[in-house]
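Structure first, then comments.
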Amino acid sequence: MYAISLGDDGAELRPLEPWQAEEFLAHMERGREFIGQHIALADAVTDLASSRRFLESYAHKAATDTGRIYGIWTDGKLVGGVLFRTMDIAQGTAEAGCWLEPSAVGRGLVTRASRVIIDWAVEERGIHRVEWLVAEANEASIAVARRLGMTKDGVLRESFLYRGQRRDMEIWSVLAPEWRASS
(Lines give C-alpha, C1' and ligand atoms only; values in the text may rest on other atoms or scores of the structure.)
Protein backbone atom coordinates (compact mmCIF):
# COMPACT_ATOMS: atom_id res chain seq x y z
CA MET A 1 0.00 0.00 0.00
CA TYR A 2 1.27 3.44 -0.81
CA ALA A 3 0.00 6.98 -0.50
CA ILE A 4 1.03 10.07 -2.45
CA SER A 5 0.74 13.41 -0.69
CA LEU A 6 -1.41 15.94 -2.49
CA GLY A 7 -0.02 18.89 -0.55
CA ASP A 8 0.38 20.49 2.84
CA ASP A 9 -3.25 19.94 3.84
CA GLY A 10 -2.70 16.21 4.47
CA ALA A 11 -4.74 15.01 1.48
CA GLU A 12 -3.54 11.75 -0.02
CA LEU A 13 -3.98 9.81 -3.23
CA ARG A 14 -4.05 6.01 -2.88
CA PRO A 15 -5.08 3.06 -5.02
CA LEU A 16 -8.72 2.14 -4.47
CA GLU A 17 -8.99 -1.65 -4.21
CA PRO A 18 -11.75 -4.27 -3.81
CA TRP A 19 -11.00 -4.82 -0.11
CA GLN A 20 -12.11 -1.20 0.43
CA ALA A 21 -15.64 -1.84 -0.89
CA GLU A 22 -17.33 -0.95 2.42
CA GLU A 23 -15.47 2.34 2.71
CA PHE A 24 -16.21 3.10 -0.97
CA LEU A 25 -19.91 2.39 -0.45
CA ALA A 26 -20.03 4.63 2.67
CA HIS A 27 -18.40 7.39 0.61
CA MET A 28 -20.97 6.92 -2.16
CA GLU A 29 -23.79 7.13 0.39
CA ARG A 30 -22.45 10.46 1.67
CA GLY A 31 -22.10 11.90 -1.82
CA ARG A 32 -24.65 10.00 -3.90
CA GLU A 33 -26.96 12.90 -4.77
CA PHE A 34 -24.11 15.31 -5.52
CA ILE A 35 -22.01 12.80 -7.48
CA GLY A 36 -25.07 11.59 -9.36
CA GLN A 37 -25.83 15.00 -10.83
CA HIS A 38 -23.51 14.31 -13.75
CA ILE A 39 -22.00 10.82 -13.62
CA ALA A 40 -23.36 7.29 -13.46
CA LEU A 41 -21.02 6.16 -10.66
CA ALA A 42 -23.68 7.01 -8.08
CA ASP A 43 -26.14 4.68 -9.82
CA ALA A 44 -23.58 1.89 -10.31
CA VAL A 45 -22.51 1.60 -6.65
CA THR A 46 -25.67 1.05 -4.60
CA ASP A 47 -24.83 -1.77 -2.18
CA LEU A 48 -21.82 -3.72 -0.95
CA ALA A 49 -21.93 -6.26 -3.80
CA SER A 50 -22.03 -3.58 -6.51
CA SER A 51 -19.30 -1.62 -4.71
CA ARG A 52 -17.06 -4.67 -4.68
CA ARG A 53 -17.85 -5.51 -8.33
CA PHE A 54 -17.03 -1.96 -9.40
CA LEU A 55 -13.67 -2.00 -7.60
CA GLU A 56 -12.95 -5.52 -8.89
CA SER A 57 -13.52 -4.30 -12.44
CA TYR A 58 -10.80 -1.70 -11.89
CA ALA A 59 -8.49 -4.27 -10.28
CA HIS A 60 -8.89 -6.26 -13.50
CA LYS A 61 -8.21 -3.13 -15.58
CA ALA A 62 -5.06 -2.46 -13.55
CA ALA A 63 -3.92 -6.06 -14.03
CA THR A 64 -4.47 -5.81 -17.78
CA ASP A 65 -3.09 -2.25 -18.03
CA THR A 66 -6.39 -0.90 -19.38
CA GLY A 67 -7.43 1.43 -16.53
CA ARG A 68 -6.75 2.54 -12.95
CA ILE A 69 -8.70 3.96 -10.01
CA TYR A 70 -7.43 6.00 -7.08
CA GLY A 71 -9.12 7.40 -4.01
CA ILE A 72 -8.59 10.82 -2.47
CA TRP A 73 -8.45 10.78 1.34
CA THR A 74 -8.54 13.74 3.71
CA ASP A 75 -8.17 13.28 7.46
CA GLY A 76 -8.29 9.50 6.93
CA LYS A 77 -11.66 9.64 5.12
CA LEU A 78 -12.30 8.73 1.48
CA VAL A 79 -13.84 11.86 -0.11
CA GLY A 80 -13.43 11.33 -3.86
CA GLY A 81 -11.32 9.87 -6.56
CA VAL A 82 -9.73 10.02 -9.97
CA LEU A 83 -9.38 7.31 -12.54
CA PHE A 84 -8.39 6.26 -15.97
CA ARG A 85 -11.67 4.86 -17.22
CA THR A 86 -9.80 3.52 -20.22
CA MET A 87 -6.14 3.18 -21.19
CA ASP A 88 -4.85 1.98 -24.53
CA ILE A 89 -1.10 1.70 -24.17
CA ALA A 90 -0.58 0.66 -27.83
CA GLN A 91 -2.45 3.74 -29.08
CA GLY A 92 -1.07 5.97 -26.32
CA THR A 93 -4.48 7.20 -25.19
CA ALA A 94 -6.31 7.31 -21.88
CA GLU A 95 -9.57 8.77 -20.60
CA ALA A 96 -9.34 10.37 -17.17
CA GLY A 97 -12.24 11.16 -14.88
CA CYS A 98 -13.10 12.21 -11.36
CA TRP A 99 -15.73 12.48 -8.64
CA LEU A 100 -15.94 14.15 -5.25
CA GLU A 101 -18.37 14.26 -2.34
CA PRO A 102 -19.69 17.68 -1.28
CA SER A 103 -17.56 17.92 1.90
CA ALA A 104 -14.39 18.07 -0.21
CA VAL A 105 -15.43 20.55 -2.90
CA GLY A 106 -13.45 23.74 -3.46
CA ARG A 107 -10.09 22.58 -2.15
CA GLY A 108 -8.40 21.74 -5.47
CA LEU A 109 -8.24 18.04 -4.61
CA VAL A 110 -9.37 16.74 -7.99
CA THR A 111 -6.99 19.03 -9.88
CA ARG A 112 -4.04 18.01 -7.71
CA ALA A 113 -4.89 14.30 -7.92
CA SER A 114 -5.44 14.48 -11.68
CA ARG A 115 -2.03 16.09 -12.14
CA VAL A 116 -0.42 13.15 -10.34
CA ILE A 117 -2.09 10.47 -12.44
CA ILE A 118 -1.69 12.32 -15.76
CA ASP A 119 1.99 12.88 -15.04
CA TRP A 120 2.35 9.15 -14.30
CA ALA A 121 0.50 8.19 -17.49
CA VAL A 122 2.59 10.48 -19.68
CA GLU A 123 5.99 9.93 -18.08
CA GLU A 124 5.79 6.32 -16.93
CA ARG A 125 3.33 4.66 -19.32
CA GLY A 126 4.03 6.64 -22.48
CA ILE A 127 0.50 7.96 -22.92
CA HIS A 128 0.43 10.60 -25.65
CA ARG A 129 -3.18 11.84 -25.33
CA VAL A 130 -5.24 12.12 -22.15
CA GLU A 131 -8.93 12.79 -22.70
CA TRP A 132 -11.51 14.23 -20.31
CA LEU A 133 -15.18 13.64 -21.22
CA VAL A 134 -17.60 15.80 -19.29
CA ALA A 135 -21.30 16.60 -19.39
CA GLU A 136 -21.71 20.09 -20.81
CA ALA A 137 -23.59 21.14 -17.66
CA ASN A 138 -20.80 19.97 -15.31
CA GLU A 139 -19.08 23.32 -14.85
CA ALA A 140 -16.85 22.14 -12.00
CA SER A 141 -15.35 19.33 -14.08
CA ILE A 142 -14.88 21.64 -17.06
CA ALA A 143 -13.00 24.02 -14.75
CA VAL A 144 -10.69 21.13 -13.77
CA ALA A 145 -9.99 20.39 -17.45
CA ARG A 146 -9.06 24.05 -17.94
CA ARG A 147 -6.81 24.10 -14.85
CA LEU A 148 -5.07 20.99 -16.21
CA GLY A 149 -4.25 22.88 -19.40
CA MET A 150 -6.54 20.80 -21.58
CA THR A 151 -8.01 21.99 -24.86
CA LYS A 152 -11.69 21.61 -25.70
CA ASP A 153 -11.77 19.41 -28.78
CA GLY A 154 -15.50 19.61 -29.34
CA VAL A 155 -18.98 18.57 -28.29
CA LEU A 156 -20.45 15.12 -28.76
CA ARG A 157 -24.07 16.13 -29.21
CA GLU A 158 -26.60 14.05 -27.26
CA SER A 159 -24.07 11.23 -26.97
CA PHE A 160 -24.74 10.24 -23.35
CA LEU A 161 -28.05 8.79 -22.22
CA TYR A 162 -28.29 9.46 -18.49
CA ARG A 163 -31.34 8.84 -16.37
CA GLY A 164 -33.56 8.88 -19.43
CA GLN A 165 -32.21 12.08 -20.95
CA ARG A 166 -29.67 12.63 -23.72
CA ARG A 167 -26.80 14.88 -22.72
CA ASP A 168 -24.18 16.68 -24.74
CA MET A 169 -20.66 15.71 -23.75
CA GLU A 170 -17.62 17.92 -24.15
CA ILE A 171 -14.31 16.28 -24.95
CA TRP A 172 -11.16 17.92 -23.63
CA SER A 173 -7.61 16.66 -24.07
CA VAL A 174 -3.97 17.30 -23.39
CA LEU A 175 -1.12 15.88 -25.46
CA ALA A 176 2.15 14.69 -23.93
CA PRO A 177 4.27 17.56 -25.38
CA GLU A 178 1.75 20.11 -24.05
CA TRP A 179 1.73 18.41 -20.65
CA ARG A 180 5.50 18.39 -20.41
CA ALA A 181 5.72 22.05 -21.51
CA SER A 182 3.27 23.12 -18.80
CA SER A 183 4.98 21.15 -16.00
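The values are calculated or read from the model by the stated rules, or taken from the named source; none is laboratory data. On a predicted model such as this, the values are computed, not experimentally measured, just so you know. Ideal geometry is used to build each Cβ from the backbone, glycine not excepted, and the neighbour counts take in all protein chains shown. In case anyone asks, the SASA skips ligands and DNA or RNA and just uses the protein heavy atoms, side chains included. Shrake-Rupley method; radii C 1.70, N 1.55, O 1.52, S 1.80 Å.
Taking all Cα pairs closer than 8 Å and separated by 6 or more residues, the relative contact order of the stretch 90-139 comes to 59 percent. Take every pair of alpha-carbon atoms less than 8 Å apart whose residues are at least six positions apart; their mean separation over the length of the chain yields a relative contact order of 16 percent. Taking all protein chains into account, the per residue accessible area for the chain stands at 50 Å² (1.4 Å probe).
Applying 1/(1 + (r/R0)^6) with R0 = 41 Å to the Cβ-Cβ distance of residue 49 and residue 146 gives a FRET efficiency near 0.65. Computed about its Cα centre, the charge dipole of the stretch 1-151 is approximately 200 debye, with only Lys, Arg, Asp and Glu carrying charge at their Cβ.
When only Cα pairs below 8 angstrom with a gap of at least 6 residues are kept, the stretch 35-129 shows a relative contact order of 19 percent. Once you reduce the stretch 112-133 and the stretch 6-33 to the center of their Cα atoms, the two points are 20 Å from each other.
The Rg/Rh ratio of the stretch 66-183, with Rg taken over Cα atoms and Rh as the Kirkwood radius over Cα pairs, comes to 0.96. Ordering 183, 10, 51 by the projection of their Cα atoms onto the charge dipole of the chain, which places +1 on the Cβ of Lys and Arg and -1 on the Cβ of Asp and Glu, puts 183 at the extreme positive end. Here, the stretch 1-125 yields an orientationally averaged convex hull projection of 7.4 nm² when only Cα atoms define the hull.
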